[in-house]
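A.B. asks: First the structure, which I've put down as structure tokens, then a few questions once you've had a look.
The values are calculated or read from the model by the stated rules, or taken from the named source; none is laboratory data. Predicted model, so just to flag it, every value in this text is computed and none were measured. As a convention, Cβ positions derive from the backbone with ideal geometry for all residues, glycine included, and neighbour counts pool all protein chains shown. Side chains included, ligands, DNA and RNA excluded: accessible areas come from the protein's heavy atoms. Shrake-Rupley method; radii C 1.70, N 1.55, O 1.52, S 1.80 Å.
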Amino acid sequence: MSDYDVSRRIDLIFSYLLDHIQIPENASVLEIGCGTGKISAQICQRPWKLTVNDISDKLCRQVAETLNCAYLAGDCQQLACKDESFDIIISSECIEHTLDPWAALKEMHRVLKKNGYLIVTTPNKIWFPVLQIANL
């Protein structure tokens, strides 16, 4: 994971998308594929209730413990929560790792509240050589 790549995704998610919409305080947010928690930490800087998810139970618990938030370990294609549970779902660079991306999106839709926001980012393979140069 590139620090440059993560910082660009954080900028995209927060500066270009979330900061331009009206989100109530105490909004419930699910981050799908929290990994090491870099994006999770940015979410925690807002007055929202975060739940982190990752297929790795260990990573999920570590991030939740570090950030003092809830966690929901497991496959994002089968989330153990009720329909319409979250106001916002953020999934950054995760969906391309699922066995069935359409099933993952369907499940995200199921747990997203009506009129909620779903943010999904995926790698841009055309941009990859530029990212490699930036990392050097």
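A.B. asks: How many residues, within region 75-99, are more than 25 Å from residue 5 (Cα to Cα), of a type in the set (Gly, Ala, Ser) and touching a residue at least 40 places away in the same chain (Cβ under 8 Å)?
C.D. replies: The number of residues fulfilling the criteria is 1.
A.B. asks: Right, something else. Does residue 99 qualify as being open to solvent by 20 Å² or more (accessible area, probe 1.4 Å) and part of a helix (DSSP H, G or I)?
C.D. replies: Here the answer is no, as residue 99 does not meet what is asked.
A.B. asks: How about region 59-69: which of its residues are out of contact with any Gly (no Cβ under 8 Å at 6 or more places or on another chain) and either open to solvent by 50 Å² or more (accessible area, probe 1.4 Å) or at pLDDT below 95 (or both)?
C.D. replies: 61, 65, 68, listed by residue number.
Matching residues to (1) modelled with pLDDT under 95; (2) at positive phi; (3) charged (D, E, K, R); (4) not in a loop (DSSP other than H, G, I, E, B):
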site: 40; (1), (2), (3), (4): no, no, no, yes
site: 45; (1), (2), (3), (4): yes, no, no, no
site: 52; (1), (2), (3), (4): no, no, no, yes
site: 79; (1), (2), (3), (4): no, no, no, no
site: 84; (1), (2), (3), (4): no, yes, yes, no
site: 90; (1), (2), (3), (4): no, no, no, yes
site: 107; (1), (2), (3), (4): no, no, yes, yes
site: 115; (1), (2), (3), (4): yes, yes, no, yes
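A.B. asks: Would you check which residues across region 2-32 are assigned to a loop (DSSP other than H, G, I, E, B) and of a type outside the set (Gly, Ala, Ser) and list them? If you could, list the steps in order and put the result at the bottom.
C.D. replies: Just the residues of region 2-32 that are assigned to a loop (DSSP other than H, G, I, E, B), to begin with: 2, 21-27.
Passing the criteria: 21, 22, 23, 24, 25, 26.
A.B. asks: Tell me which residues, restricted to region 27-58, are buried (at least 24 other Cβ atoms within 10 Å of the Cβ) and out of contact with any Ser or Thr (no Cβ under 9 Å at 6 or more places or on another chain).
C.D. replies: Correct list: 43, 54.
A.B. asks: Now for a separate question. Would you point out which residue out of 72, 105 is in contact (Cβ under 8 Å) with a residue 40 or more places away in the chain and open to solvent by 20 Å² or more (accessible area, probe 1.4 Å)? Outline the logic, then answer.
C.D. replies: Working: 105 fails: in contact (Cβ under 8 Å) with a residue 40 or more places away in the chain.
Residue meeting the stated conditions: 72.
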